[in-house]
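Since every read-out is calculated from the coordinates, none of them should be taken as a lab result. The model shown is predicted, which means the values in this text are computed figures rather than measured ones. Here the Cβ positions follow ideal geometry from the backbone for every residue, glycine too, while neighbour counts run over all protein chains shown.
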């Protein structure tokens, strides 16, 4: 009897432990996911947000899957005519904004008023009538520009995403609460607590101490962090690091000088050492995984040619200043390396933090997966006198060549984003290019 | 300038010069003493600098040594030997932070940088100087020009070599050398230490620590000289017009590993204390000199009064003697040289007086003798015929009574003629003796000249070949004179001139005004006079003529003298003679 009792107790204990273990590894609701960001967001406008944050609060008519293919979101289906000029989108029924108002065709049209020729065709249908064929319209609608939102009485934005803005402290903190009425189902976590303006070092410490669940890691620290057995996740290279020669400065108005600088840069050494092998060296605006033709833009160093060009320039023209972002720990060594490389070619570059310089080391995060849209935005930056024509690879390649031919913009690298994750974050499955999908993430209970 | 004034000046200048010399000697001695003190303080400060330099260099070398021997560095050396440098690109920064270093570079054996704390971007670039054949592990810290991304800085660095098997790694550790380094020095009051970092080919004020641009530019030439000559130099720099602002700077070159001056240590020593002291000395000297000068003046006045009183008496006596008073005596009871001089003076004037008396007597005797000789000569000529005539009368009476009557008549006529001659001679002597006192009254000299020319007109006509000329100043003022006496004197001179021209010539009479006098000149073109004759011409009874009494010119001189005038003669043999009379316009007795 006693033996039986002991066996029973042992079996019961084992079953209990197994049940608890199974319960901890199963998705469950609750908890607050603490996210720390280096940047400070001052507005709730999705156009001002990093691409990865937009899907937390805002939905578009469509979203992109892991392969970049459009998938239903607020629109459950769409079709187009043979010319790809007329598109019909059918809205998801019963979808609601965070204030409980229904997502109607009128509300969506009001939100997309900047888009050309969009109109409501009944409560649940939208019609886009383009003047030229727009085969990539669903992809463009999946960008931040296609986020559906409405304005409240106080002017605050109201989205339809899995989380709604519960508390907003501009530049400091955003508390996002799980939206019970989300059409895709309530997120597992109750809150996403976003702390902004956090230094990378502080983020690393908070992750180590368990005060944060999702932090950003500088690329230069990615390898070392991974060696320290910290859980990391890296996006595909999605942020362009480039040199931008400002207009209106007499020194840098000489395209030969810009070309000499561009040819002197040893991207390979910078990538291998300063970037710790992360990212891709590039001579193109669009990343290779997005355009498919980035390899056509040379990025290899040609010091002899750079010296040859520089030697033909007047000496006073060979002194320029290069500004870098002091808050970005990677920018400074990259800028200094570029200065060292340029000095070898005979061009003196004075590096300094800030934005006032003849040349700037700038970062352009990928805000859209639509190549034409990315190039159009870059054309705006470079004051191009035309827009990309057709969205064909040939047209995009020609347009990109035109943008880069005067060396006003010198693409250097496409950088990935690296995140550190706490061990309790489960079901972390973001898009490869960085869109966070926190509605499916759940948190393990903290062990005492 | 009087003798007393000279003595006063001499006393004053002597005392002032003495005080000035004392002040100068004291000032110079003070300056030399300060200079020695300044050198000692500079040497002490330089020694302190070098000790601090050595101490900090030791710290850096120790830190480099620790880093070189650490396991982490050995791992880096091994990875670098395999070409795996990327993981360690930021390691130098961590190590530098851990060891409180400003600069740290980990360099591969081929001198390519593996990791640089000061410039992470410099990986792969060469530090070729490390390839020199030097035993770095035994080398102390040294100065080096460290390249940063945007500037060059001065660094105190040490090199150590890590060896992990075959793998090697240079550890170049350093700290910045700037004003903070100098701040650790204990500076004596009035001294300061500056450091010029010789990092640019040209002088740059910004590279001199702790001073304004103006001060840096003031030190530019000294720094340049120190760098150019690569040896210690010094100079005094006065910052403002105030001498107390001056500073003496010693520039000491600080050489790098290759002997090139990478920095200049400037030790400045304020001259304010010295200037203040010298100023005080000079002020005291000025006061002492001023007081001394006043005292000197008082003493000199007293002393010179004692010394110069007999001299002044002597001078006054001499002036009296000059005025003709040879009876003057200088009273003195002094027994010194001045007393001797006074006694000698008294003796001299006594002797002079005696000699003059004797001379007067001798002249008087001589005059009487001359007078007697002239009288005898003048009287002897008429007396001899008188004697002959009387003897003829006596002989005729005794031997030829019959002819006595005839002889008597003839003799009587002869006697009367000779007696008349005697009477005339006696009359001239009487006239000279009886020169009356002149009666001054206004008269026109030109009128007198014309009147005299008229009087001698007959003689001129008789002579025939003498041409009179009158050059009379029409603006000649009237003078106060005795017309008759002046007329007589002028007539005398004119007749002498006519006598001097037996063969004819030109008689020229000239009048003109000269200051408060009028001048009357009587010139002839006769045979002229010798110098001896000119000298003796106015001596009474001296004559150059066969029939003259020698009283004419003496009378003229007497008249001129009585009119308080002067007479002189200019003549050369064969060129005539010019007598010049100068008479006062107004007689002094009436003025």
Practice item. Taking the convex hull of the Cα atoms, report for segment A:189-341 its projected area averaged over all directions, in nm². Key: 11.8
Point to revise | Relative contact order of chain A, defined on C-alpha pairs under 8 angstrom at six or more residues apart (%) | key: 21
Point to revise | Backbone N under 18 Å from the residue A:444 label point (7 Å along Cα→Cβ), restricted to segment A:215-241 | key: A:215, A:228-233
Study note, to complete from the structure: Of the convex hull drawn through the C-alpha atoms of segment A:26-70, the volume per residue in Å³ is 151
**Study point:** Stretch gain in nm, segment residue B:239-residue B:13, where the contour uses 0.36 nm per residue and the Cα spacing is subtracted
**Key:** 77.8 nm
Revision key, fill the gap. To the nearest 0.05, the calculated FRET efficiency linking residue B:383 and residue B:470 through their beta-carbon distance, R0 being 41 Å, is 0.40
Review point. Once you sort the root eigenvalues of the Cα gyration tensor of chain A as a ≥ b ≥ c, which label holds: rounded (a/c under 1.5), prolate (a/b larger than b/c) or oblate (the other case)?
Key: oblate
Practice item. With everything on Cα atoms, drop me the angle between helix A:2-25 and the longest principal axis of chain A, reported from 0 to 90° to the nearest 10. Key: 40
Practice item. Take every Cα pair under 8 Å in segment B:231-360 that's 6+ residues apart, average their separations, divide by the length, and report that relative contact order as a whole percent. Key: 13
Study note, to complete from the structure: Once both label points are put 7 Å beyond Cα along the C-beta direction, the residue A:201-residue B:186 separation in nm becomes 3.6
Study note, to complete from the structure: With label points set 7 Å from each Cα along the Cα-to-Cβ direction at residue B:352 and residue A:180, the distance between them in nm comes to 15.1
**Study point:** Compactness of the protein assembly as shown, expressed as Rg and Dmax over alpha-carbon positions, Å
**Key:** 67.0, 247
Check your understanding: Once both axes come from the Cα atoms, what is the angle between helix B:337-399 and the longest principal axis of chain B, in degrees from 0 to 90, rounded to 10?
Key -> 20
Exercise for review: Let me know the mean shielding of A:261-274 by other chains, meaning the per-residue number of their Cβ atoms within 10 Å of its Cβ.
Suggested key: 2
**Study point:** Per-pair calculated FRET efficiency, R0 = 25 Å: residue B:25 and residue B:276 via Cβ, rounded to 0.05
**Key:** 0.85
Review point. Where in segment B:30-52 does the amide nitrogen come within less than 18 Å of the point 7 Å from the Cα of residue B:229, taken along Cα to Cβ?
Key: B:39, B:43
Point to revise | Residue order, fewest to most surrounding Cβ atoms within 10 angstrom, among A:37, B:266 | key: A:37, B:266
Study note, to complete from the structure: Per-residue Cβ contact counts at 10 Å, fewest first, order B:400, A:98 as B:400, A:98
Point to revise | Computed lengthening from residue B:402 to residue B:337, 0.36 nm per intervening residue step minus Cα-Cα distance | key: 14.3 nm
**Study point:** B:10, B:443 arranged by Cβ crowding within 10 Å, fewest neighbours leading
**Key:** B:10, B:443
Check your understanding: Helix B:71-81: angle to the longest alpha-carbon principal axis of chain B, degrees 0 to 90, nearest 10?
Key -> 90
Study note, to complete from the structure: Between residue B:71 and residue B:200, the two model label points (7 Å from Cα along the beta-carbon direction) sit apart by a distance in nm of 4.9
Review point. Taking the Cβ-Cβ separation of residue B:319 and residue B:450 as r and a Förster radius of 45 Å, what is the calculated FRET efficiency to the nearest 0.05?
Key: 0.50
Check your understanding: Taking the Cα centre of each part, how many Å lie between segment B:78-123 and segment B:419-483?
Key -> 135
Exercise for review: Compare the peptides B:347-353, B:153-159, A:327-333, A:211-217 by average per-residue count of other Cβ atoms within 10 angstrom and give them in order, highest first.
Suggested key: B:153-159, A:211-217, A:327-333, B:347-353
Study note, to complete from the structure: Burial-style ranking of A:343-352, B:380-389, B:170-179, average other-beta-carbon count within 10 Å with highest first, yields B:170-179, A:343-352, B:380-389
Exercise for review: Report, please, the projected area of chain B averaged over directions, based on the convex hull of its C-alpha atoms, in nm².
Suggested key: 56.8
Exercise for review: Determine the distance separating the Cα centre of segment B:229-252 from the Cα centre of segment A:185-220; give it in Å without decimals.
Suggested key: 62
Point to revise | Computed over chain B: relative contact order in percent, which uses C-alpha pairs under 8 Å that are six or more apart | key: 9
Point to revise | Antiparallel DSSP beta bridges within the protein assembly as shown, as percent of all bridges there, nearest 5 | key: 85
**Study point:** Extension gain (nm, one decimal) between residue B:360 and residue B:98, 0.36 nm per residue minus Cα-Cα
**Key:** 81.6 nm
Exercise for review: Let me know the shape class of segment B:161-251, please: from the alpha-carbon gyration tensor, a ≥ b ≥ c as square roots of the eigenvalues, rounded when a/c is under 1.5, otherwise prolate if a/b is greater than b/c, or oblate.
Suggested key: prolate
